Amino acid sequence: MRIDIVSIFPEYLAALDLSLVGKARVAGLLDLRVHDLRDWTTDRHRTVDDTPFGGGAGMVMRPDVWGQAIDELTATGPAHLVVPTPSGTTFTQRTAEALATEDQLVFACGRYEGIDARVAEHYRAAGHRVSELSIGDYVLNGGEVASLVMVEAVARLLPGVIGNPESLVEESHGAAGLLEYPVYTKPPVWSDLEVPDVLLSGHHAKIRRWRRDRALEKTSARRPDLIAALDASTLDKHDRAF
Ligand SMILES: COc1cccc(COC(=O)c2cn[nH]c2)c1
């Protein structure tokens, strides 16, 4: 997979050189490129914004500069344009899974009051998939942090990036659609607190049941919306006790 990220603060994306994503890039599992939007400006001041039509506070990012950048970056084939924005549809694990199947993602990091609406309109009309996505109901100063979140969520799903793909199965929001059960490691007693006996029993069926019960309990308590979203087939009668 190729991922392009365009920003007026490309250094913000330096974190993607680290850890798992950094290793995936070195291993050739992920072709990730960060670009400075100002490289596509033509004026002496390298201007990327202007005042909003219709008035109002703040500045809007110009469509012509974004158009030059995205045209160049999508010249080699079909790309999915992702625009992080507070006004987007919610980015979830399901979104990450869908994005992880794409050949190329282009993240457009907005700043100021946002990007001229015609940019998304133009690329939809040109046949590209365009997703305006929100990582949560709050406002950041720009799309860079949201892009870091989404790139990490997507990259870890790519084959070979995570050492043990097994660990993707039982995590929160995984296939079962539940929050993850509590985890424990050595020492068996810490701060006068013990590890639940069942986990030391070696009885794998009981451990599986205990873990599912804790996951259901936690999900019912913290995210009843996820329980409601589960289709009936995944909950057996024992599960319904929560
Ligand atoms: C593209 O237009 C804008 C305008 C304002 C801020 C941003 C940055 O994104 C966010 O703030 C965000 C993303 N998910 N939740 C919050 C983009």
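The values are calculated or read from the model by the stated rules, or taken from the named source; none is laboratory data. Because the structure is predicted, anything quoted here is derived from the model rather than measured. These accessible areas exclude ligands, DNA and RNA; they are computed on the full protein's heavy atoms, side chains included. Shrake-Rupley method; radii C 1.70, N 1.55, O 1.52, S 1.80 Å.
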*For region 54-104, just say rounded, prolate or oblate: build the C-alpha gyration tensor, square-root its eigenvalues into a ≥ b ≥ c, call rounded for a/c under 1.5, and beyond that prolate if a/b exceeds b/c, oblate if not.*
oblate
*Probe 1.4 Å, accessible area per residue of region 25-136, Å²*: 54
*Among rounded, prolate and oblate, which fits region 19-62 when a ≥ b ≥ c are the square roots of the eigenvalues of its C-alpha gyration tensor, a/c under 1.5 means rounded, and a/b larger than b/c means prolate?*
prolate
*Rounded if a/c is under 1.5, else prolate if a/b is larger than b/c, else oblate: which is the chain, with a ≥ b ≥ c the root eigenvalues of its Cα gyration tensor?*
prolate
*Which percent, to the nearest 5, of DSSP beta bridges fully inside the chain are antiparallel?*
15
*As a check on your grasp of the helix formula, calculate [θ] at 222 nm for the chain: sum -39500 (n - 2.57) over DSSP H runs of n ≥ 4, divide by the residue count, round to the nearest 500.*
-9000 deg cm²/dmol
*Report the full-extension gain for the segment Asp71 to Ser201: residue separation times 0.36 nm, less the Cα-Cα distance, to one decimal in nm.*
40.8 nm
*asked:* How large is the accessible surface of Glu180 in square angstrom, using a 1.4 angstrom probe and rounding to the nearest 10?
replied: 60
*Per the 1.4 Å probe, what fraction of the accessible area of the chain, in percent, lies on carbon and sulfur atoms?*
55
